[in-house]
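Q: The structure under discussion is supplied below as structure tokens; questions concerning it will follow.
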Amino acid sequence: MIDSALADRWIVVCCGAGGVGKTTVSAAVALGLAKLGHRAVVVTIDPARRLGSALGLDHLGDEPRRVSPESIDDAGLTVPGELWALQLDAKATFDRLVARNAPTPQDRERILENRIYRHLSGAVAGAQEYMAVERLHELVEDGRFERIVLDTPPSRNALDFLEAPERITRFIEGKALRLLTQPATGGNIAARALHMGGAAVLSVLERITGAQMLRDVADFLGAFDGMYDGFAERAGEVRELLRSDDAAFVVVTAPDPGPTEEALALAERLGKEAYPLQGVVLNRVHGAPPVGDPAPHELRAILADAGARHPDDLAARAAETLDELRALAQHDGQAREALTAALGSPLLGQVPALPDEPVDLHGLARVTAALRT
């Protein structure tokens, strides 16, 4: 099902609550697109670096790296296209954004060396989400890849990355910062009082706050003058692209109340804001045990015939385990039905709960196969 829904989309954005397997599903989608013959890249924000290990890459950084054809062959996979991956480096992406938009080389160096900028580029709320959007923009401009899969940053609100450019721009333009550095005008008594005494007041405040913090703020804001329009323009271009027919959003969830509620909220918000939602993938779904519902005495007889040393005890524990598996399957089935009913449409895909987390290409291939059925 995932093939027909995503095969003709240039950009696939996987979003959802934290801990639902979003990174794994993103990689599996990219692998599926590569199996269709496309040059596909998956952009991950997962700090645990599990994806690199799963793809057989000893290091995953800011520049795209190709999964070697030899690794794919060793996993017994047939992939006519190419599979690439990269790990978002928010700081490096922000540096490139500054270098691209700075009016002069001198302005560029002023910003990159500024202590306020170095804090902003790595620590301010929204910086990582903003850089995920910017990295997507760079990959689109690069033109090397026929399909781009974005694993969105983990955040309390899974669509925060769509609003991040506006939040960062508001911070940079914020009145609180400018109140500290700009001369008072008009009737702003508080601002006039702040700047009364000029350098002397500034010197006192610097001693209170430590070193040259205020001068750094002033220099930072001065260097950023004239760059806001470029930031806003790029954010607008990405937003337009993500609302176009070239993009597709996939909400990833798990059969638990919290993630399911967030998935429904995400789906509703995407619809309201005109983003192209292709559907919901339900991950880690437990199926019913394949052995039916044998009675304990039947299990004992089977185990005794197999030569088990303590068939009675083993049969009791096996029956208890089967009961637990049936309860899990019933719970997940009910969650699937409730999710489908609330969405008003079938699921885009369903991935079974695997015995172990997919930690190599074999595991990812199993997830891809499930998404393609």
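Q: Can you tell me, using C-alpha contacts under 8 Å and at least 6 residues apart, the relative contact order of segment 227-373 as a whole percent?
A: 25 percent
Q: Which of the peptides 304-314, 243-253 is most tightly packed, and how do the rest follow, going by the mean number of other Cβ atoms within 10 Å of each residue?
A: Final packing ranking: 243-253, 304-314.
Q: Then there is this: Would segment 38-101 count as rounded, prolate or oblate if I go by the C-alpha gyration tensor, calling it rounded below 1.5 in a/c and otherwise prolate when a/b exceeds b/c, oblate otherwise?
A: prolate
Q: While we're on this one: Need one word for segment 1-75: rounded, prolate or oblate. Basis is the Cα gyration tensor (sqrt eigenvalues a ≥ b ≥ c); a/c below 1.5 gives rounded, then a/b vs b/c decides.
A: Verdict is oblate for segment 1-75.
Q: Can you give me the C-alpha center-to-center distance between segment 38-82 and segment 233-300, rounded to a whole angstrom?
A: Cα centres, segment 38-82 to segment 233-300: 23 Å.
Q: Which of rounded, prolate or oblate describes segment 303-364 when judged by the alpha-carbon gyration tensor and an a/c cut-off of 1.5?
A: oblate
Q: Please list the non-local residues whose amide H lies under 5 Å from the amide H of GLU82, H modeled 1.01 Å from N, same-chain partners needing a gap of 5 or more.
A: HN-HN under 5 Å from GLU82: HIS38, ARG39, ALA40.
Q: A follow-up question, please. List the trypsin sites (Lys or Arg not before Pro) within segment 23-110 that fall in a DSSP loop (any state other than H, G, I, E or B) and whose Cβ has at most 16 other Cβ atoms within 10 Å.
A: Answer in residue order: ARG49.
Q: Which value, in Å², gives the accessible area per residue of segment 302-373 when a 1.4 Å probe is used on the protein heavy atoms?
A: 61 Å²
Q: Kindly write out, for segment 21-26 in residue order, the coupling ³J(HN,Hα) from the Karplus curve 6.51 cos²θ - 1.76 cosθ + 1.60 (θ = phi - 60°), rounded to whole Hz, with x marking Gly and Pro.
A: x, 4, 5, 5, 5, 4
Q: Lys/Arg Cβ at +1, Asp/Glu Cβ at -1, dipole of segment 278-373 taken about the Cα centre: which of HIS286, HIS331, HIS362 is farthest positive-ward?
A: After comparing all options, I get HIS362.
The values are calculated or read from the model by the stated rules, or taken from the named source; none is laboratory data. Given the structure is predicted, the values throughout are model-derived calculations rather than measurements. Don't worry about glycine lacking a Cβ; one is built from the backbone with ideal geometry, like all the others, and counts go over all protein chains shown. SASA here: full protein model, heavy atoms, side chains in, ligands and nucleic acids out. Shrake-Rupley method; radii C 1.70, N 1.55, O 1.52, S 1.80 Å.
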